[in-house]
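First the structure, in the form of structure tokens, and then the observations on it.
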Amino acid sequence: MSTWNAVASGGYPDSITVQVGDGGAIATNPYPGVYDAVWTARVSGTTANLYGVAWNGLCFVAIGANGTAVISADGITWQLVYPGVSTDLNDIASGGNVFITVGNAGVILKSQYGTGWSVIPSGVSVNLWGISIG
């Protein structure tokens, strides 16, 4: 049994709910907002703990330990990507078709498609644990 850390809903043309957790665990169900539905395990391509997941209108991105990031257009098939850091990424949010992720040592990264990440200087060296785009 996995420890689940985050959940997000999205998808096009059909919506799907994605949850991510320890050991690279990803599971989906086709009923957004119905968390007691039957979940299907997916292959993430990593064994790193995943701490956050978000949908930006185009794809899902899940982030986690040691700079791990995986992307998926449909929530079912996932691809490992390298965001350019090796520190833990603790949370991710999306808005305006962009992803922002935060992590340890003040790391803030931005990406439009979940690939090609750029650093946003935070000016701090403390661990960042959460982000929201409003």
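The values are calculated or read from the model by the stated rules, or taken from the named source; none is laboratory data. All of these numbers come straight from a predicted model, not from anything done at the bench. We place every Cβ from the backbone using ideal geometry, glycine too, and count neighbours over all the protein chains shown. Just the protein is used for accessible areas: all its heavy atoms, side chains included, with ligands, DNA and RNA removed. Shrake-Rupley method; radii C 1.70, N 1.55, O 1.52, S 1.80 Å.
Enumerate the strands (runs of 3 or more DSSP E) found wholly within the range 8-63, keeping only those where 1 or more residues are within 23 Å of residue 87 (Cα to Cα), touching a Lys or Arg at 6+ places or on another chain (Cβ under 8 Å) and open to solvent by less than 20 Å² (accessible area, probe 1.4 Å).
On the way: elements: 16-21, 26-29, 40-42, 50-55.
By residue number, 26-29.
Please go through the range 83-103 and pick out each residue that is hydroxyl-bearing (Ser, Thr, Tyr) and without any contact (Cβ under 8 Å) to a residue 40 or more places away in the chain. 86, 87 - these are the residues of the range 83-103 that are hydroxyl-bearing (Ser, Thr, Tyr) and without any contact (Cβ under 8 Å) to a residue 40 or more places away in the chain.
Using the structure shown, decide if residue 80 is open to solvent by 10 Å² or more (accessible area, probe 1.4 Å), in contact (Cβ under 8 Å) with a residue 12 or more places away in the chain and part of a strand (DSSP E or B). It is true that residue 80 is open to solvent by 10 Å² or more (accessible area, probe 1.4 Å), in contact (Cβ under 8 Å) with a residue 12 or more places away in the chain and part of a strand (DSSP E or B). When 73, 41, 65 are checked against the criterion of being of a type in the set (A, V, I, L, M, F, W, C) and either at positive phi or within 12 Å of the chain's Cα centre (by Cα) (or both), a single residue qualifies: 65.
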